Amino acid sequence: MLVNIAMTADGKIDTVEREGARISSPEDKAAVDRLRAEVDAIMVGGATFLAEDPRLTVRDGALVRARRDRGLPDQPRKASAVSVLPDSPRPDSRFIHDGGGSATVSSTLFTTPRTSAAALAAWREAGAEVVVTGRERVDLAAALDHLASLGVTRLLVEGGGTFIAAMFDAGLVDEFRQYIAPFVVGGHSSPTPLDGPGVALHGRVDLELLTIERLGPGIALRYRVVPGQTV
């Protein structure tokens, strides 16, 4: 599983306003589109899902056609882990309808028994596959096992910070890619790539640098996660 984030030079993935600040350059956005075209599914955390209703689609038509030529669906499956789903989705939900729609289930929502039966039914009626796992929080390992049962062998995770921290904590991350934009925003409350409780230095996760790429005004670094450690 590959985690991808865009961050400022001072390590922030958003500003103190938490309104989805634009950090990626056009060159990085194109690179991320290529990453999306290479995977079987794209996953985000519950906070990102609820706040942004993300499309999570491949935008470049040539990349979509290349997927089709390889015998793949036009778009990767979408997934999210949401501890408690709202009572009903937005009628025009981009997550559910963009790049697929209710005619063919192309999105999976993982949630817990804390979500009401009525909400489960509403989201399923809207066209999403809804899987209940875990108790207070979604069992992420079980979620990834379910995606694997659907044929997902390459998963891209795009945020946010708390969700990424949980993925690291569960030992589920194989690679980590970060685009670093050449500006700073500061703020002790600005979110970071891993917004979990954190660990002491001896509990760190080590990374092996694989590639460095110049993308417009910024750079992209890609790492392999050294196995055997958790945050």
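The values are calculated or read from the model by the stated rules, or taken from the named source; none is laboratory data. Keep in mind it's a predicted model, so treat the numbers as computed, not measured. As a convention, Cβ positions derive from the backbone with ideal geometry for all residues, glycine included, and neighbour counts pool all protein chains shown.
Please determine whether any residue of the range 117-125 is in contact with a strand residue (DSSP E or B) (Cβ under 9 Å, 6 or more places away or on another chain) and assigned to a loop (DSSP other than H, G, I, E, B).
Checking the range 117-125: not a single residue is in contact with a strand residue (DSSP E or B) (Cβ under 9 Å, 6 or more places away or on another chain) and assigned to a loop (DSSP other than H, G, I, E, B).
Quick one: what pairs do we get from the range 17-28, first residue without any contact (Cβ under 8 Å) to a residue 12 or more places away in the chain and of a type in the set (A, V, I, L, M), second buried (at least 16 other Cβ atoms within 10 Å of the Cβ) and part of a loop (DSSP other than H, G, I, E, B), C-beta under 9 Å, 6+ apart or different chains?
The qualifying pairs do not exist here.
I'd like to check something: does the range 129-143 contain any residue that is assigned to a strand (DSSP E or B) and of a type outside the set (A, V, I, L, M)?
Applying the first criterion (assigned to a strand (DSSP E or B)) to the range 129-143 yields 129-132.
Next, from what is left, pick out any that are of a type outside the set (A, V, I, L, M): 129.
Yes, the conditions are met somewhere in the range 129-143.
Among helices (runs of 4 or more DSSP H) lying entirely in the range 1-98, which contain 2 or more residues that are within 27 Å of I219 (Cα to Cα) and either out of contact with any helix residue (DSSP H, G or I) (no Cβ under 8 Å at 6 or more places or on another chain) or not assigned by TED's automatic domain parsing to the domain that holds E125 (or both)?
Once the helices (runs of 4 or more DSSP H) in the range 1-98 are filtered for at least 2 residues that are within 27 Å of I219 (Cα to Cα) and either out of contact with any helix residue (DSSP H, G or I) (no Cβ under 8 Å at 6 or more places or on another chain) or not assigned by TED's automatic domain parsing to the domain that holds E125 (or both), what remains is 26-38, 61-69.
Starting from residues that are modelled with pLDDT of 95 or more and over 26 Å from R154 (Cα atoms), keep the ones in the range 192-217 and report whichever is surrounded by the fewest Cβ atoms within 10 Å (Cβ to Cβ).
Filtering the range 192-217 for residues that are modelled with pLDDT of 95 or more and over 26 Å from R154 (Cα atoms), the one surrounded by the fewest Cβ atoms within 10 Å (Cβ to Cβ) comes out as P217.
Picking from R135, R154, which residue would you name as being surrounded by fewer than 16 Cβ atoms within 10 Å (Cβ to Cβ), more than 15 Å from V44 (Cβ to Cβ) and under 14 Å from the mean Cα position of the chain (by Cα)? Let's see the steps before the verdict.
Details: R135 fails: under 14 Å from the mean Cα position of the chain (by Cα).
After ruling out the rest, the residue left standing is R154.
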